[in-house]
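Chemist: Here's a structure for you.
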Amino acid sequence: MQVFTSRLTGPAGWSVKAVSPPSTAVLRMNKSFSTDWTVSPSPGTKPGRYSLTVTTTYAPDSALSYTLEVVVPDPAPNAPAYLSDLPWLRTSNGWGPVERDHSNGENQGGDGNMITINGVTYAKGLGAHAPGVIEYYVAGNCTTVTADVGVDDEAGTNGTVSFEVWADGAKVADSGVLTNAMPAKPLQANVSGATLIRLVTADGGDGINYDHADWANAHITCG
Ligand SMILES: [Ca+2]
Ligand SMILES: [Ca+2]
């Protein structure tokens, strides 16, 4: 008889509990076995990224282990705020890091300019570059995301970008493809009840060159 057992361990003080059986007496070739776990960080755990270790053992003498990363988020917002004033959960960005209250600029952090779309300047917003994702943990506290989106004037005349807002697994706003020749497009998204929201930029179908993507005045209503 074969016995397959999985074990999950977390940082000291964390509660890690299997909520379905963690072992099985028989695991046939090409079949899968899964276990659900409930993981609770210890009280006072600071926001950040933490590692859990999965160990699987197969009778009589084989074992395999690997690491899972979990994120303990910053507290969710509970009042209206500019998104550039909130901590994000994660980002990806086509050229350097996402900039707060500045355009993307070049590939270093802090080298952006005043956000400018078709000659109009903005003091607040997020300066990104397609393709990219900016994700926030909002815990169902928020209702609406608004922004004036467009391609930043620093990108010359060849940029094309589309802007999407996602509430958990659903796309709730889509700008369509915008170019440097267009003014900012007001975007409003209903994110009621969402745990996670994502601001997504895509390359407009013609590659990512010059795709400096501004979420000008990006704002979220919460609380
Ligand atoms: Ca930059
Ligand atoms: Ca493009």
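The values are calculated or read from the model by the stated rules, or taken from the named source; none is laboratory data. From a predicted model like this one, the values you see are computed outputs, not experimental measurements. Here the Cβ is made from the backbone with ideal geometry for all residues, glycine too, and neighbour counts use every protein chain on show. For the accessible areas, the whole protein counts, side chains as well, though only heavy atoms, and no ligand, DNA or RNA atoms are used. Shrake-Rupley method; radii C 1.70, N 1.55, O 1.52, S 1.80 Å.
Chemist: Scan segment 26-58 for residues that are small (Gly, Ala, Ser) and more than 21 Å from VAL71 (Cβ to Cβ) and jot them down.
Modeler: Of everything in segment 26-58, those that are small (Gly, Ala, Ser) and more than 21 Å from VAL71 (Cβ to Cβ) turn out to be SER32, SER34.
For (1) of a type in the set (S, T, N, Q); (2) free of Cβ contacts under 8 Å to residues at least 12 places away in the same chain, each residue gets a yes or a no:
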| site | (1), (2) |
| --- | --- |
| THR5 | yes, no |
| PRO11 | no, no |
| ASN30 | yes, yes |
| TRP37 | no, no |
| SER40 | yes, no |
| GLY48 | no, no |
| THR53 | yes, no |
| TYR58 | no, no |
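Chemist: I'm checking my understanding of the structure. Among residues of segment 87-104 that are closer than 21 Å to HIS212 by Cα and hydrophobic (A, V, I, L, M, F, W, C), which one is farthest from ligand 2 (Cβ to nearest atom)?
Modeler: TRP88
Chemist: Also: Restricting attention to segment 116-171, which residues are open to solvent by less than 30 Å² (accessible area, probe 1.4 Å), modelled with pLDDT of 95 or more and small (Gly, Ala, Ser)?
Modeler: Across segment 116-171, the qualifying residues are GLY125, GLY127, ALA128, ALA130, GLY132, ALA147, GLY150, GLY159, SER162, ALA167.
Chemist: Considering each residue of segment 57-112, count those that are in contact with a strand residue (DSSP E or B) (Cβ under 7 Å, 6 or more places away or on another chain), open to solvent by 70 Å² or more (accessible area, probe 1.4 Å) and within 26 Å of ASP148 (Cα to Cα), and give that number.
Modeler: 7
Chemist: Inside segment 189-210, can you point out the residues that are within 16 Å of ligand 2 (Cβ to nearest atom) and either acidic (Asp, Glu) or within 14 Å of TYR136 (Cβ to Cβ) (or both)?
Modeler: VAL200, ASP203, ASP206
Chemist: Answer yes or no: is there a residue in segment 207-219 that is buried (at least 20 other Cβ atoms within 10 Å of the Cβ), of a type in the set (Ser, Thr, Tyr) and in the same structural domain as ASP85 (by TED's automatic domain parsing).
Modeler: Among the residues of segment 207-219, at least one is buried (at least 20 other Cβ atoms within 10 Å of the Cβ), of a type in the set (Ser, Thr, Tyr) and in the same structural domain as ASP85 (by TED's automatic domain parsing), which makes the answer yes.
Every residue, every condition in (1) over 26 Å from PRO75 (Cβ atoms); (2) hydroxyl-bearing (Ser, Thr, Tyr); (3) assigned to a strand (DSSP E or B), yes or no:
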site	(1), (2), (3)
GLY127	no, no, yes
TYR136	no, yes, yes
VAL145	no, no, yes
ASP148	yes, no, yes
THR157	yes, yes, no
ALA173	no, no, yes
MET182	yes, no, no
GLY193	no, no, no
LEU199	no, no, yes
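Chemist: Which is over 21 Å from LYS124 (Cα atoms) and either touching a residue at least 24 places away in the same chain (Cβ under 8 Å) or of a type in the set (Val, Ile, Thr) (or both), of ALA218, ALA181, ALA173, ALA213?
Modeler: Unique residue meeting the criteria: ALA181.
Chemist: Please enumerate the residues belonging to segment 44-76 that are outside any strand (DSSP E or B) and within 18 Å of ALA139 (Cβ to Cβ).
Modeler: Correct list: THR45, LYS46, PRO47, PRO73, ASP74, PRO75, ALA76.
Chemist: So which residues in segment 24-56 are among the small types (Gly, Ala, Ser) and open to solvent by 80 Å² or more (accessible area, probe 1.4 Å), if there are any at all?
Modeler: SER32, SER34
Chemist: Next question. Look at segment 201-223 and say how many of its residues are within 23 Å of TYR82 (Cα to Cα) and assigned to a loop (DSSP other than H, G, I, E, B).
Modeler: 2
Chemist: Just to check your reading of the model, which residue among ALA130, ALA181, ALA170 is within 16 Å of ligand 2 (Cβ to nearest atom) and closer than 29 Å to GLY48 by Cβ?
Modeler: Matching residue, one of ALA130, ALA181, ALA170: ALA130.
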